[in-house]
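Derivation of every value follows stated rules applied to the coordinates shown; laboratory data play no part. Not measured: the values here are computed from a predicted model. Reconstructed Cβ throughout: ideal geometry from the backbone, glycine too, with neighbour counts over all protein chains shown.
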Amino acid sequence: MNKEYIVLIPARMQSTRLTDKMVLDIHGVPLIIRTVRQALQSTAKDVIVATDDNKIETICNTYGVKVIMTKKEHPTGTDRLAEAVNKLNLNDNQIVVNVQGDEPLINPEIINNLANFIINQGSDVATIAHKIYTDNEIFNPSIVKVVLDTNSYAMYFSRAPIPYYRDGFGEQLNFNLPLGINFLRHIGMYAYTVKFLKNYNSMPESPLEHVEKLEQLRILYNGHKLSVLVSDIIPEGGVDTLEDLERVRQFFYNREISGKGGY
């Protein structure tokens, strides 16, 4: 297995909650470029944006960022990366880490950890989760939960509280699950082999992915193993709303006036 890896960043202009968010200004720099700069602090040998939008392409070219154009029709970021790896003519054993374009605060160490995890596991696809403890997170449908088997493979992802703790979800919530089981929040970052990505588009879509609105359920539905790294690093949130945008703008403003660099 090739132990080097690259980062691919899917980036489309359409956003239902925040219009044109990929090119919005964050303390003088477009959001997508902020994400790229964070990814460049990882140990990836290359960072490439995969987009369907000419404006994003132009911005990447202006900032000297590698970019590849893909079709507009892709329903998910993984579908977009599947096209990108074919266009880039990457080796089947190459490891690709998918970093979302709206994650300008992504910790480079998480990227490194996921890449090392999939290499050490010898898996075709891997992702990340972290422990959660509060009822707000467990019962929030915007927060995706995952349950694992004994080998750290995902058994299921859901927006519902899983596992459903029958004896703990009473009037007095008890989150001390028995037998070392944990509530886990899924982080939407993936690592794949190029071979897996090339086969992704041929996988039948799952009815479950449309019900839960979770693309990773297609992988499980088609009988593939998805390794999950349980991380001690809790990532900063991405940019989905105007409030998120202002939070991230303030972060970079504070960081740059203090003269500090990245993580």
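Using 1/(1 + (r/R0)^6) with R0 = 35 angstrom and r between the beta carbons of Ile257 and Lys72, what's the FRET efficiency to the nearest 0.05?
Details: r = 39 Å, r/R0 = 1.12.
So the FRET efficiency works out to roughly 0.35.
Under the rule a/c < 1.5 gives rounded, and otherwise a/b versus b/c splits prolate from oblate, where does the range 78-123 land using the Cα gyration tensor? Verdict is oblate for the range 78-123. The Cα center of the range 1-62 and the Cα center of the range 198-231 differ in position by 24 Å.
A Förster distance of 30 Å, applied to the separation of the beta-carbon atoms of Thr62 and Glu137, puts the FRET efficiency at 0.20.
Compute the normalised compactness of the range 55-180: alpha-carbon radius of gyration over 2.2 N^0.38 Å, N being the residue count.
Numbers: Rg = 18.9 Å, N = 126, 2.2 N^0.38 = 13.8 Å.
It is 1.37.
The peptide list 223-230, 102-109, 245-252, 68-75, put in order of mean Cβ contacts within 10 Å with the highest first, becomes 102-109, 223-230, 245-252, 68-75. Compute the Cα gyration tensor for the range 1-115, then decide on rounded, prolate or oblate, letting a ≥ b ≥ c be the square roots of its eigenvalues: rounded whenever a/c is under 1.5, prolate when a/b is larger than b/c in the other cases, and oblate in all that remain. It comes out oblate by the Cα gyration axes. Taking amide H atoms as placed 1.01 Å from N in the peptide plane, the amide H of Leu226 lies under 5 Å from those of Ala154, each 5 or more residues away in sequence or on another chain.
Taking every DSSP beta bridge with both residues inside the chain, roughly what % is antiparallel (nearest 5)? Close to 50 percent. Between Glu243 and Lys213, the contour length at 0.36 nm per residue exceeds the Cα-Cα span by 8.5 nm.
Quickly rank 189-196, 119-126 as a protection proxy: mean count of other C-beta atoms within 10 Å, highest first. Walk me through the numbers on the way to the answer.
Details: 189-196: 23.1, 119-126: 18.4.
Ranking the peptides 189-196, 119-126 by packing returns 189-196, 119-126.
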